[in-house]
Amino acid sequence: MSFHTIAAVSTPYGRGGISIIRISGEDAINIADKVFRSKSGRSLADAQNRTINYGHIVANNEVIDEVLVSVMRGPHTFTAEDVVEINCHGGLYVTKAVLRAVYDAGAYPAEAGEFTKRAFLNGRVDLTYASSVMDMINAKTKLQHKMALNHLNGNLAKRIREIREAITEVSAYIQASLDFPEEIEETDDGVIEVSLTKAINMMDKLLENADKGIVAKEGIPTVIVGKPNVGKSSLMNLLAQCERAIVTDIPGTTRDSIEEVITVGNLMLKLTDTAGIRETGDTVESIGVERAKHLAEAAELVIFVVDASSPLDQSDMQIYEMVKDKNVVILANKNDKGTTKLPFDAIPFCAKTGDGLEKLTEKIEEIYISGIEEFTESDTLLSGEREKNAVKRARELTASALNTARALTPDLAMDDIMEAAKCLNLIDGAEITEDIIETIFETYCVGK
Ligand SMILES: Nc1nc2c(ncn2[C@@H]2O[C@H](COP(=O)(O)OP(=O)(O)OP(=O)(O)O)[C@@H](O)[C@H]2O)c(=O)[nH]1
Ligand SMILES: [Mg+2]
């Protein structure tokens with residue numbers, strides 16, 4: 001495919017050693033030649049492929065910067081087009097001036113994710129790769145990195161291909177049995193049974209771990225609950241590694257919920273600190289308390305904090321009843337001031353010193369990572385709602401096709417089979433609509 005030539009800064013804006021301005025498209029080398037002067041006088045058009053060339057960027061007869069320029073001719077480049085990358089000095093002014101010169105020479109500003117989108121549209125990468133590029137850039141934990149790398153390596157694409165092949169094999173078989181009924185025994189439905197069951201099993205395996213994958217990528221919605229003054233905000237600050245929430249010895253300090261994205265071991269949590277739960281006459285505080293209860297109900301993970309230095313009371317037990325059936329980790333906080341005996345399992349903790357943090361990390365990892373880490377080494381995880389829904393729908397259709405083939409005749413299962421294959425096409429982009437492409441790439445950064 002041929003598109004107009006685009007350019008953008010691919011490194012973060014600000015002060016830095018270097019900035020990279022990336023140009024991609026048919027005219028990339030021509031456009032770069034309009035602003036580049038090499039010492040030897042040789043143009044980039046005459047430069048060998050995959051070389052780095054020293055020179056200056058000149059615009060309106062004025063030297064803007066001393067640069068190194070890489071020339072990479074398509075199709076063996078990131079976008080499959082001709083790509084030129086100008087390495088200039090990393091200051092805000094100079095970067096913008098070089099970019100401006102490149103635009104003036106004829107390049108169009110790249111949209112968010114447009115380089116990756118081109119790689120996809122030019123058929124160099126499939127959609128599972130394209131949509132993991134940003135996951136790799138955004139990865140904050142080892143697990144997120146591993147999942148992104150796994151997708152970049154093509155493991156998900158391979159799995160989707162295998163499932164689709166199992167399904168399309170059946171449609172080819174049915175088609176053949178309709179066209180040449182005498183050659184294929186009508187009663188021989190072994191192929192249909194075996195292939196569709198195989199596809200269903202593979203999809204079940206993907207779906208089984210999909211939620212873990214999604215949660216690991218997006219962060220586990222986690223809420224800290226407990227009575228007033230037990231140390232919830234102190235825990236929030238400890239985990240956020242900054243004074244995020246106000247901490248005082250006055251019960252009822254936190255009145256509204258406070259959110260922060262933090263990493264715990266290999267996981268990311270979307271953590272919310274809440275108002276201490278108690279009966280209160282204060283209107284503002286009671287709204288906060290109600291909110292805390294709702295948040296606890298909706299949370300994927302609850303960290304329940306008690307003050308273990310004094311005996312528990314009815315409020316503690318009421319909160320315990322509220323959260324005990326959820327994924328919950330209980331912290332017996334303030335253990336530096338002594339500990340009372342608790343009627344449930346809890347991790348001895350001190351939010352002031354961080355004592356117990358390792359145990360807390362271990363416990364959360366135990367709930368969410370068990371199985372995932374070994375799993376991703378050799379296999380793959382779905383890590384987005386879009387992919388999960390497509391597999392879920394494909395699975396339903398395949399199961400329905402199998403039932404139809406068993407109960408009625410195989411040819412009646414054709415519609416479901418074709419539809420199932422289409423759902424899988426949405427994942428690797430073998431068949432995809434413009435608006436899905438738009439929503440995927442709009443979350444990208446400009447320059448990628
Ligand atoms: N000794 C000791 N004091 C702690 C510990 N954790 C918190 N505190 C103190 O307990 C008091 C209350 O802490 P906060 O973190 O504000 O408690 P909270 O649960 O957020 O309280 P509310 O926002 O009122 O619901 C503060 O004086 C903290 O310094 C701990 O592990 N040991
Ligand atoms: Mg608080």
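Read-outs: derived from the displayed coordinates by stated rules, not from any lab. Please read all numbers here as calculations on a predicted model, not as lab measurements. Here Cβ is always computed from backbone atoms with ideal geometry, including for glycine, and neighbour counts include all displayed protein chains.
Using the crude model of +1 on Lys and Arg Cβ and -1 on Asp and Glu Cβ, and no other charge, please compute the dipole size for the stretch 305-363 relative to its Cα centre, in debye to 20. The calculated dipole for the stretch 305-363 is roughly 80 debye.
Each peptide in 410-423, 45-58 was scored by the mean count of other Cβ atoms within 10 Å over its residues; highest first, the order is 410-423, 45-58. Principal axis extents of the Cα atoms in the stretch 108-148, from largest to smallest and rounded to whole angstrom, are 35, 22, 8. Note on E297 and D345: with the Förster distance fixed at 30 Å, the Cβ-Cβ geometry gives a FRET efficiency of about 0.85.
Considering only alpha-carbon pairs that sit under 8 angstrom and 6 or more positions apart, the relative contact order computed for the stretch 375-435 is 34 percent.
At q = 0.12, 0.14 Å⁻¹ the log10 of I(q)/I(0) for the stretch 56-166 amounts to -0.60, -0.76, computed by Debye summation with a single uniform scatterer per C-alpha, solvent ignored. By DSSP, the beta bridges lying fully in the chain are antiparallel in about 65 percent of cases.
Only Cα sites of the stretch 37-111 enter the Debye sum here, all with the same form factor; the resulting log10 I(q)/I(0) across q = 0.16, 0.20, 0.26 1/Å is -0.61, -0.96, -1.37, listed in q order. Amide H contacts for I347 (H built 1.01 Å from N in the peptide plane; partners 5 or more residues away or on another chain; cut-off under 5 Å): I330, L331, A332.
The length gained on full extension between D415 and K39, counted as 0.36 nm times the residue separation minus their Cα-Cα distance, comes to 128.8 nm. Please identify, among E290, E434, E385, the residue showing maximal mean-square fluctuation in a Gaussian network model of the chain using a 10 angstrom Cα cutoff. In the Gaussian network model the winner is E434.
Shape index of the stretch 216-369: Rg/Rh, with Rg the Cα radius of gyration and Rh the Kirkwood radius from the inverse mean 1/r over Cα pairs, equals 0.92. Packing around the peptides 70-79, 296-305, taken as the average count of other Cβ atoms within 10 Å per residue, puts them in this order, highest first: 296-305, 70-79. Modelled this way, with points 7 Å down the Cα-to-C-beta line, the labels at Y54 and E431 are 5.6 nm from one another. A crude spin-label estimate for the pair A176 and Y108, with each label 7 Å from Cα along the Cβ direction, gives 4.7 nm. The protection proxy used here, the mean number of other Cβ atoms lying within 10 Å of each residue, ranks peptides 208-217, 12-21 as follows, highest first: 208-217, 12-21. What share of Cα pairs, in percent, lie more than 37 angstrom apart in the chain? When every Cα pair of the chain is considered, 49 percent fall beyond 37 Å.
Taken one residue at a time, the phi angles of the stretch 218-225 give Karplus couplings (6.51, -1.76, 1.60, θ = phi - 60°) of 8, x, 7, x, 10, 10, 8, 10 Hz. Gly and Pro are set to x.
Contact order for the stretch 216-369, expressed relative to its length and based on alpha carbon pairs under 8 Å spaced 6+ residues apart, stands at 24 percent.
Close amide-amide hydrogen proximity is noted between V446 and G113, each under 5 Å apart and 5 or more residues distant or on a separate chain (H modeled in the peptide plane; Pro and chain starts excluded). Take every Cα pair under 8 Å whose residues are at least 6 apart in sequence, average their separation, divide by the length of the chain, and the relative contact order is 16 percent. Computed 3J(HN,Hα) for the stretch 202-208, one whole-Hz value per residue from the Karplus formula 6.51 cos²θ - 1.76 cosθ + 1.60 where θ = phi - 60°, is 5, 5, 4, 5, 5, 5, 4, glycine and proline marked x. For T361 and E290, the FRET efficiency from 1/(1 + (r/R0)^6), where r spans their Cβ atoms and R0 equals 35 Å, is about 0.70.
Full extension of the chain segment joining E218 with E321 gains 34.2 nm, where the gain is 0.36 nm per residue of separation less the Cα-Cα distance. In sequence order, the stretch 36-49 has phi-based couplings of 9, 10, 8, 5, 6, x, 7, 7, 5, 4, 8, 6, 5, 5 Hz under the Karplus curve 6.51 cos²θ - 1.76 cosθ + 1.60, θ = phi - 60°, and Gly or Pro positions carry x.
Each residue, E243 and R73, gets one label point 7 Å from its Cα in the Cβ direction; the gap between the two is 6.2 nm.
Counting pairwise Cα distances across the stretch 129-243, what percent come out greater than 17 angstrom? Value for the stretch 129-243 (Cα pairs over 17 Å): 71 percent. Label point 7 Å out from D313 along Cα-to-Cβ: which residues of the stretch 221-254 have amide N under 16 Å? Only 226-231, 250-253 fall inside the zone, counting backbone N under 16 Å.
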